[in-house]
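S.K.: Take this structure, written in structure tokens, and hold onto it; I'll ask about it next.
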Amino acid sequence: MDIGIALPTMCRGYDRAATVDWCRLAEQGPVASISCGERMTFHNQEMWTTLAAAAAVTERVRIFANLSVLPAHPVALVAKQAATIDVLSAGRFALGVGVGGRGDDYRSLGSGFERRHDRLDRAVAELRALWAGQPAVAGGAPMGPPCVQPGGPPVLAGALGPKSLARAARWADGVVAFSVGGVPAEIRWSADAARRAWAEADRDAPRLVSGCFYALGVSEPENVLRDFTAEYLGFLGGEAAAGAASSMKTYDAAALHRTLDAAEEAGLDEFILVPSAVPLSVLEETLELIGSR
């Protein structure tokens, strides 16, 4: 099983130096991918710009958009952004897509929140058509740049429930799930559910990716992790966010090894560790942990 690292773009204090330093150090270690996610009404840096920087300063690691809330955006724009990063990375890029759950993010982009699952299905088909050279407008020229990867980057679905997985099994190359607290039972359940959906669609097994929040390499890691989790999940409401934060356990090496062991046993292809703090010591200790496995 591969282990990826997310850039700490959702943490307070993330800046230019963090992008450069994290990418360059991750490039040297046993990390398989660098990723970050999309949020609009939050303090993070923008996902596509950050991933373009990561692609430019690395040569080996895969670059993963985890993930684009595709129905909130013009599809042609996302197609061009993804193709550009595929070129910048020389074909190391993969795209995660989903519907998200934050109405404020949609509204901030002037996009409607309704029927977003149907819109996602149509948008993925449009993405692939654009990457194949179909013009975005009738009579227009094909969009560029041409992708390095034939047919365009792999597309993974951010799907968890049975209905979402059944839809994703028609068009996705794999599934990217998430267990906020790295709970082994959650990891196993999501992997089994994805495999069932693909089998029911008479497709070969999907690429399976998951991840969790964690803290290492900082003082008082338990408090750091729980404070980060509470802020990130604040859109759920204070009580729900605080409840999720209080249950977090992935703030030491032993707990993280248990989570990674569970991910391997569940047959995942990759597990992505999402840090809760910016200092480079977080990544340094993470690389030590990965190297010890």
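S.K.: Mean separation of Cα pairs under 8 Å and 6+ residues apart, divided by the residue count of segment 180-293: what relative contact order is that in percent?
M.R.: 38 percent
S.K.: Let me ask you something else. Taking K and R as +1 and D and E as -1, what net charge do the other residues with C-beta under 13 Å from the C-beta of residue 44 add up to?
M.R.: Neighbourhood net charge equals -2.
S.K.: Quick check for you: with a 1.4 Å probe and neighbouring chains kept, what is the accessible area per residue of the chain, in Å²?
M.R.: Per-residue accessible area for the chain comes out at 43 Å².
S.K.: If you compute mean projected area of the Cα convex hull in nm² for the structure shown, which of [x] 15.4; [y] 14.6; [z] 23.7 do you land on?
M.R.: Given [x] 15.4; [y] 14.6; [z] 23.7, the calculated one carries the label [y].
S.K.: Can you compute 3J(HN,Hα) from phi for each residue in segment 172-177, using the Karplus curve 6.51 cos²θ - 1.76 cosθ + 1.60 with θ = phi - 60°, rounded to whole Hz and x for Gly and Pro?
M.R.: 8, 8, x, 10, 10, 9
S.K.: With every protein chain left in place and a probe of 1.4 Å, what is the accessible surface of residue 171, to the nearest 10 Å²?
M.R.: 30 Å²
S.K.: Once you have a ≥ b ≥ c as the square roots of the Cα gyration tensor eigenvalues for segment 1-117, tell me rounded if a/c is under 1.5, and otherwise prolate or oblate according to whether a/b is larger than b/c.
M.R.: Prolate.
S.K.: Ranked by accessible surface with a 1.4 Å probe, highest first, in what order do 222, 27, 265, 114 come?
M.R.: Output order, biggest surface exposure first: 265, 114, 222, 27.
S.K.: Of the listed peptides 245-255, 210-220, 268-278, what is their order by residue-averaged count of other C-beta atoms within 10 Å, with the highest listed first?
M.R.: 268-278, 210-220, 245-255
S.K.: Quick check: at a probe of 1.4 Å, how many percent of the accessible area of segment 12-108 sits on carbon and sulfur atoms?
M.R.: Carbon with sulfur: 54 percent of the solvent-accessible area.
The values are calculated or read from the model by the stated rules, or taken from the named source; none is laboratory data. As the structure is a prediction and not an experimental result, all values here were calculated from the model. All Cβ positions, even for glycine, are placed from backbone atoms using ideal geometry, and neighbour counts span all protein chains on display. Note: accessible area is taken over every heavy atom of the protein model, side chains too, but ligands, DNA and RNA are not part of it. Shrake-Rupley method; radii C 1.70, N 1.55, O 1.52, S 1.80 Å.
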